[in-house]
Amino acid sequence: MRLYVYILVLLSIFAYANNAELEQILNENSETVTESGQSQDKIDDLQLEKDSLLAEWKVTVKQVEGLKIYNAQKRRQIKAQEERLVLLDEQTIAVEKMQRQVPPVMKTALEDLLVFINDDVPFLMDERNKRIAQVLATFDNPKVTASENVRQVLEAYNIEREYGRTIETYEDSIVLDGEEKVVNILRIGRLALMYQLKDQSETGVWNGTEWEEVSGYRIPVRDGIRMANKTAPLDLLFLPVKVTNEGGE
């Protein structure tokens, strides 16, 4: 009987001891599970942070690639602008050189035109010489640009050219037989330059060197004056035309 009691006591001791150890093991496992869960949470947080950083990195890479393309484009544009500036500098130098050359050339052309006028048929001489003098004066005016000089010279040439295509009449004073008389001048282009006294008693023509009276042209010259004044319709006119060549008349 004592032996059974002893065995039961031992079994109780062992059971108690096993329960305490088991409890400790369970507690340790519980702590391990808790720590494992916390570790997993940390792993999950790190993974999320990693994914976020990776996404940011991809965005940054795309931005960098975009900036590379943008910078390359800007470099090409800057290079093109630099080349354009070089070209503009060259053109500016050429234009400035041309501007320096233009006034002397235009002034010479105008002086040549003045010589032509003085050698030409003597119509509207005061007006024509005054026009040339006014244009020449602009070359000494610093406010007048080279382009304006060119425009005025070309305009003077165009006016002289148009004289060869038009018919006109005007009143003027000319010297006839040593006496100054007021007459009506009739100009037919540059082919004929004629005069007629106010009373139509005398008619003449410029023969290349002087005024010369001619007969038989009173009516044609009178009609020509009326046509130039637009008081008569245009019609054929029979007028004396003096033709010269290198050998003379």
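The values are calculated or read from the model by the stated rules, or taken from the named source; none is laboratory data. Here the structure is a predicted model, which is why all the values come from computation and not from measurement. Cβ atoms come from the backbone with ideal geometry, glycine included; neighbour counts cover every protein chain shown. We work out accessible area using only protein heavy atoms, side chains counted, and drop any ligands, DNA or RNA first. Shrake-Rupley method; radii C 1.70, N 1.55, O 1.52, S 1.80 Å.
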Original post:
Which one of these does Val183 not meet: (1) without any contact (Cβ under 8 Å) to a residue 24 or more places away in the chain; (2) more than 20 Å from Asp120 (Cβ to Cβ); (3) of a type in the set (A, V, I, L, M); (4) surrounded by 11 or more Cβ atoms within 10 Å (Cβ to Cβ)?
Top reply: (2)
Original post:
What single numbered condition from (1) within 26 Å of Phe238 (Cβ to Cβ); (2) at pLDDT 95 or above fails to hold for Gly189?
Top reply: (2)
**OP:** Say whether the condition of being at pLDDT 80 or above and over 24 Å from the mean Cα position of the chain (by Cα) is met by at least one residue in the range 92-104.
**Re:** yes
Subject >> Counted residues, the range 97-124 - those being in contact with an Asp or Glu (Cβ under 9 Å, 6 or more places away or on another chain) and either outside any loop (DSSP other than H, G, I, E, B) or over 26 Å from Trp206 (Cβ atoms) (or both) >> reply: 3
Original post:
How about the range 190-233: which of its residues are assigned to a helix (DSSP H, G or I) and either of a type in the set (Val, Ile, Thr) or closer than 16 Å to Glu180 by Cα (or both)?
Top reply: Ile219, Val221, Ile225
**OP:** Kindly indicate whether Asp172 is touching a residue at least 12 places away in the same chain (Cβ under 8 Å) and either closer than 16 Å to Gly224 by Cβ or not in a helix (DSSP H, G or I) (or both).
**Re:** yes
Original post:
Would you call Thr145 hydroxyl-bearing (Ser, Thr, Tyr), free of Cβ contacts under 8 Å to residues at least 40 places away in the same chain and over 25 Å from Trp211 (Cα atoms)?
Top reply: yes
Original post:
Out of the residues in the range 213-232 that are more than 19 Å from Arg165 (Cβ to Cβ) and open to solvent by 80 Å² or more (accessible area, probe 1.4 Å), which is farthest from the chain's Cα centre (by Cα)?
Top reply: Ser215
Original post:
Which residues, counting only those in the range 121-165, are polar (S, T, N, Q) and closer than 27 Å to Val241 by Cβ?
Top reply: Asn129, Asn158
Original post:
In this structure, does Ile43 turn out to be modelled with pLDDT under 80, of a type in the set (Val, Ile, Thr) and at negative phi?
Top reply: no
**OP:** Kindly indicate which of Val205, Val153 is buried (at least 17 other Cβ atoms within 10 Å of the Cβ), under 16 Å from Arg128 (Cβ atoms) and not small (Gly, Ala, Ser).
**Re:** Val153
